[in-house]
Amino acid sequence: MKPRERMLKALNHEEPDRVPIDVWIFSSQFFGADIPYTDYQPLHFTGGRNVVEMLKKHFNVTENIALWRKLGQDLPFLALRDPSEEFKQRVCLRGDKDFLEGVHESEFGVKYRLGATGRYWHWVYHPLQDKESADEFEFLEIDIAKDFSGAEKLVREYGDQYVILGGLTNWGFFNAGQLLRGWTRFIRDLYVNPRFANRLLDKILQFNIEEGRGLIEKGVDAILIGDDIGMQTGMYIPPKIWRKYIKPRMKKMIDSFKSYGDVFVFCHSDGNFEDVIPDLIEVGVDILNPIQPDCMDPAKVKEEYGDKVTLYGSVSIQETLPFGSTEDVASEVKTRIKTMAQGGGMIIGSSHFIEDNVPLSNILTLFETAKKYGKYPISI
Amino acid sequence: MVTCDLKYLTDAIVKLDVKNIGNLVHEAIAAGTRPLEILKALNMGMEEVGQRFQKNEYYLADLIMAGETMNEALKVLAPYLKVEKGKIKGKVVLGTIEGDLHDIGKNIVKTMLSSAGFEIYDLGIDVPPKKFAEKAKEVGASVIGVSALLSTSVPTTAKVVEELTKSGIRTKVKVIIGGGAVRKWNIEKFGVDDAVNDVVEGVKIIRSWMED
């Protein structure tokens, strides 16, 4: 079965030949920030780059696509809007060295600095941080005819083999608000400055709808909304605030996406966001990711919501993959398949990006165990 | 005990009334209330917020807003506290470990401890292990709080302990690590004194050490 067919069956809650696999390995699919990178590969982090190099060496391949095929990745592409010409000149083409050494600016004017180890960055400037009105920020204009050549190319080259995921470059709503306004300031707006919060979120909504429309018109199969609303033990903001500001806008956005084409909507949030899973399903989310087992019980989520939403991820990136043995990894993968794969609606993978503290043997065990025990009908 | 007539200040913190807290503190001062009494009432609010967070009644954003509310109150109160300064309960060095840039938890710990009368030396984010030891030695701190949210950065906390040992002050300084990926087994593995993934629990532990 082709990865595309396998993935579509799983997303339609049918049982394919085996559970689809997708492990987040940096520079493969996701870039992890508000920067379109379609053709601009220098912008990698150290940790993820090391993992990719280690795997390529192990399989003796040089191209990413060859690596994904060797591993058996079923969802290896993320289509994004092309970076604007102005942005390419200003940021992307500076290359690796500058990026690793200096403060950089995203296409939306958010500035960030990489940490000492090169693994993560810290935002140091937000365009609305000292502004009185959200109208002092304008998103760039999107030209659907011109701005999605990378997405179009991915769909053309790989769309018959793989489900192509399209991603919003500005993240979802909560994170976009934080990036544009600043972490604490945006929280403060949500509590005591509703005029600012509403105006900003409306702008984000319009931009996201337009960007999603471009991706859908170019033929992507699913849209990724990345919005980290969960932390280790629960949601970051009270659910009532999420329901007041974000839920109605998510509904408008998802309704628009689904009116533009037959697409799945994929919602990513780190951490525990159990409080709003029913709301996410209600507004039309089809896929939840990454179901971090250190934060939520994946079996319980499957039991309660597994017939309505596909669960994607679920193998511990906080414990098992970096610190466990290969036996621990195999055992966890089998447990996830046993408790989550029945009836389709499951994509197995790491519960976030693989970093270079994960041993090669554990990465390989994750794939091998998923391929061996993920065959339908499940018989663990 | 906080007298009943200052309960409205405690309540203002609990209700996260960031807009009005400054005026309320002004009024209390104008009415002749002792600044330390005002501080005590505000702190009781922070304690209540912490308890509600631990009971899952409050969310992290509520804690952040409580910190914001406290900061607004302290902006008004600080000049008066200088006149009537309470005894410093102890010195704490805080920072996010090298390779990690998360600072929300650290900042909440800072607000809660400083409002409770501790002197805080915040080294910021992405802090090399050596700097923690150097600062603790320089200021005579008895606790170091290391924030580490990532599984890739938590092991670096062991180096803070090594640096303290090298500096000859390990026995004088307790080390606590806190963050999402932190686990109790880190205590033995990395040689720290405690490990938590709940900010309020972390503050409680530090206070219990300092107030012993």
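Some points to look at:
- Segment A:149-175 - residue that is of a type in the set (Gly, Ala, Ser) and within 14 Å of the chain's Cα centre (by Cα) and, of those, nearest to the other protein chains (Cβ to nearest Cβ): A:Gly172
- Sole residue being at pLDDT below 95, over 20 Å from A:Val110 (Cα atoms), touching a helix residue (DSSP H, G or I) at 6+ places or on another chain (Cβ under 9 Å) and not hydrophobic (A, V, I, L, M, F, W, C), chosen from A:Tyr245, A:Tyr158, A:Tyr191: A:Tyr158
- When residues of segment A:199-253 are limited to those that are of a type in the set (Gly, Ala, Ser), buried (at least 19 other Cβ atoms within 10 Å of the Cβ) and more than 14 Å from every other protein chain (Cβ to nearest Cβ), the one farthest from A:Tyr158 (Cα to Cα): A:Gly226
- In the set (1) touching a Pro at 6+ places or on another chain (Cβ under 9 Å); (2) within 26 Å of B:Met65 (Cβ to Cβ); (3) aromatic (Phe, Trp, Tyr), the condition left unmet by B:Tyr121 is number (1).
- Among the residues making up segment B:160-191, those that are buried (at least 21 other Cβ atoms within 10 Å of the Cβ) and β-branched (Val, Ile, Thr) are B:Val160, B:Val161, B:Val173, B:Val175, B:Ile176, B:Ile177, B:Val182.
- Taking the criterion of being closer than 17 Å to A:Val265 by Cα and surrounded by fewer than 17 Cβ atoms within 10 Å (Cβ to Cβ), the residues of segment A:9-23 that qualify are A:Asn12, A:His13.
- Count - residues of segment B:151-166 that are within 12 Å of another protein chain (Cβ to nearest Cβ) and either part of a helix (DSSP H, G or I) or touching a helix residue (DSSP H, G or I) at 6+ places or on another chain (Cβ under 8 Å) (or both): 5
- Check on B:Leu101, within 14 Å of another protein chain (Cβ to nearest Cβ), surrounded by 19 or more Cβ atoms within 10 Å (Cβ to Cβ), outside any helix (DSSP H, G or I) and aliphatic (A, V, I, L, M): yes
- Qualifying positions in segment B:197-212 - surrounded by 20 or more Cβ atoms within 10 Å (Cβ to Cβ) and part of a loop (DSSP other than H, G, I, E, B): B:Asn197
- With a requirement of 1 or more residues that are over 19 Å from A:Leu215 (Cβ atoms) and among the aliphatic types (A, V, I, L, M), the strands (runs of 3 or more DSSP E) lying completely within segment A:231-319 that satisfy it span A:287-289, A:310-315.
- Taken together, the residues in segment B:167-182 that are in contact (Cβ under 8 Å) with a residue 24 or more places away in the chain and in a loop (DSSP other than H, G, I, E, B) amount to 6.
- Test: residue in segment B:136-150 that is more than 12 Å from chain A (Cβ to nearest Cβ), more than 16 Å from the chain's Cα centre (by Cα), modelled with pLDDT of 90 or more and part of a loop (DSSP other than H, G, I, E, B): yes
- Some residue of segment B:190-200 being away from chain A (no Cβ under 11 Å), closer than 22 Å to B:Gln51 by Cβ and among the aromatic types (Phe, Trp, Tyr): no
- Some residue of segment B:76-97 being within 12 Å of chain A (Cβ to nearest Cβ) and surrounded by 24 or more Cβ atoms within 10 Å (Cβ to Cβ): yes
- Scanning segment A:182-198 for residues that are more than 11 Å from every other protein chain (Cβ to nearest Cβ) and part of a loop (DSSP other than H, G, I, E, B) gives a single hit, A:Gly182.
- Only residues that are assigned to a helix (DSSP H, G or I) and either assigned by TED's automatic domain parsing to the domain that holds B:Asp62 or within 13 Å of B:Ser153 (Cβ to Cβ) (or both) were counted in segment B:106-135, giving 2.
The values are calculated or read from the model by the stated rules, or taken from the named source; none is laboratory data. Since we're looking at a predicted model, the values are computed, not measured. Counting neighbours? That spans all protein chains shown, and the Cβs are built from the backbone with ideal geometry, glycine included.
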